[in-house]
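Notes for the one structure printed next.
The values are calculated or read from the model by the stated rules, or taken from the named source; none is laboratory data. On a predicted model such as this, the values are computed, not experimentally measured, just so you know. Ideal geometry is used to build each Cβ from the backbone, glycine not excepted, and the neighbour counts take in all protein chains shown.
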Amino acid sequence: MKRITIYSAAACLLAACSHGEVYDAAGTFEATEITLSAEAAGRILTLDAELGDRLRANRAVGCIDTLQLSLQRRQLERQRASVATTRPDIAKQAASLREQIAKQRTERQRVENLLRDGAATTKQLDDIDAQLRMLEGQLDALLSTLGKNSASIDENASAIDLQIAQIDDRLAKCRIIPPVDGTVLGKYAEAGEVAAVGRPLLKIADLDRIYLRAYFTSDQLAAVRLGQEVTVTADFGGDARYDYPGRIVWIASESEFTPKAIQTRDSRANLVYAVKIAVQNDGRLKLGMYGEVKL
């Protein structure tokens with residue numbers, strides 16, 4: 001048993017030395033994955049995306065049935081048109097009273113001239129003033145009533161406009177649109193199936209910009225800082241190893257136990273700190289691939 005243990009340790013040591021370089025940390029490559037879920041309920045009419053397809057941000061790749069929403073929108077448009085026809089024509093409805101008021105003012109001016117010449121009485125002028133005040137009161141009341149009716153109609157029209165805007169928002173959510181550029185990593189629905197709100201449809205990730213999640217011991221943290229340029233070596237198996245420039249974009253604020261699949265420079269370390277290193281992918285790097293870091 002002791003011989004087997006010794007031989008195994010020797011084999012691991014030789015494998016580590018065969019790379020020819022000493023690395024400071026190791027980890028696996030990962031990407032920021034986004035699950036694209038349905039924002040509307042209904043039958044999926046189209047879903048033009050397959051595993052491995054590259055999708056463009058804000059370009060629709062599918063659609064959920066919009067028939068009922070479209071009919072609701074048309075109904076609201078008819079209601080709004082009907083409300084608009086009830087709007088009073090204030091100018092026309094007030095025209096008659098304005099004309100009477102203009103005539104009364106002309107008559108008052110005539111009676112006032114006659115009164116100065118002694119050809120009219122003060123009572124005639126008072127009667128005309130009383131009639132003029134009554135007509136002006138009627139005009140004010142009419143304008144107030146018509147104004148309130150117009151305001152009420154405007155409020156009703158505005159409420160319908162808001163309902164139409166809500167329908168438009170729901171119609172927009174019937175389109176399946178990826179928010180970022182990415183490659184399809186998973187497909188969970190097909191055209192013809194019924195989607196519910198929140199049902200996952202696609203999983204995408206930007207594979208052009210991926211990250212190496214590596215682990216550093218506490219005594220290494222002093223040499224690690226955000227924005228630091230490092231060298232990342234990807235292990236493709238055998239002697240196939242390629243170096244990539246990387247930049248540290250995130251350092252964990254809390255320690256964690258060393259993952260079993262990850263070796264550190266100090267194999268005795270139990271607690272390590274995760275660090276994300278951004279790497280520009282040339283198309284060869286794959287998610288889950290093993291990588292090493294050299295500061």
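What do you reckon, is Ile153 within 30 Å of Ala60 (Cβ to Cβ), of a type in the set (A, V, I, L, M, F, W, C), outside the structural domain of Val61 (by TED's automatic domain parsing) and touching a Lys or Arg at 6+ places or on another chain (Cβ under 7 Å)?
When the stated conditions are applied, Ile153 does not pass them.
Within segment 168-190, is even one residue in the same structural domain as Arg80 (by TED's automatic domain parsing), more than 18 Å from the chain's Cα centre (by Cα) and part of a helix (DSSP H, G or I)?
No, segment 168-190 contains no residue that is in the same structural domain as Arg80 (by TED's automatic domain parsing), more than 18 Å from the chain's Cα centre (by Cα) and part of a helix (DSSP H, G or I).
Determine which member of the set Ile210, Ile251 is among the β-branched types (Val, Ile, Thr) and within 30 Å of Val61 (Cα to Cα).
Unique residue meeting the criteria: Ile210.
Given the options Glu99, Glu77, name the one that is modelled with pLDDT under 95 and farther than 30 Å from Tyr188 by Cβ.
Glu99
Can you work out which of the residues in segment 15-25 that are modelled with pLDDT under 90 and not in a loop (DSSP other than H, G, I, E, B) is nearest to Val272 (Cα to Cα)?
Top of the filtered list is Ala16.
Cβ-Cβ below 7 Å, separation at least six or inter-chain, first residue in segment 126-152 and assigned to a helix (DSSP H, G or I), second of a type in the set (S, T, N, Q): which pairs?
So the pair list comes out as Ile128/Gln104; Gln131/Gln104; Leu132/Gln104; Leu135/Gln100; Leu135/Gln104; Leu142/Gln93; Leu146/Gln93.
Could you look through segment 108-160, keep only residues that are among the β-branched types (Val, Ile, Thr) and farther than 14 Å from Ile90 by Cβ, and pick out the one that is nearest to the chain's Cα centre (by Cα)?
Ile160
Kindly establish whether Ala94 is surrounded by 13 or more Cβ atoms within 10 Å (Cβ to Cβ), farther than 30 Å from Lys187 by Cβ and outside the structural domain of Asp169 (by TED's automatic domain parsing).
No, not satisfied.
Looking only at segment 275-295, filter to residues that are part of a strand (DSSP E or B) and small (Gly, Ala, Ser); which one of those is surrounded by the fewest Cβ atoms within 10 Å (Cβ to Cβ)?
Per the stated criteria, the residue is Ala278.
Return yes when Leu45 is in a strand (DSSP E or B) and surrounded by fewer than 16 Cβ atoms within 10 Å (Cβ to Cβ) and no when it is not.
Here the answer is yes, as Leu45 does meet what is asked.
Identify, please: which residue in segment 225-248 is more than 35 Å from the chain's Cα centre (by Cα) and among the aliphatic types (A, V, I, L, M) and is, among those, surrounded by the most Cβ atoms within 10 Å (Cβ to Cβ)?
Ala234
For Lys203, only one of the following conditions fails: (1) surrounded by fewer than 15 Cβ atoms within 10 Å (Cβ to Cβ); (2) at negative phi. What is its number?
(1)
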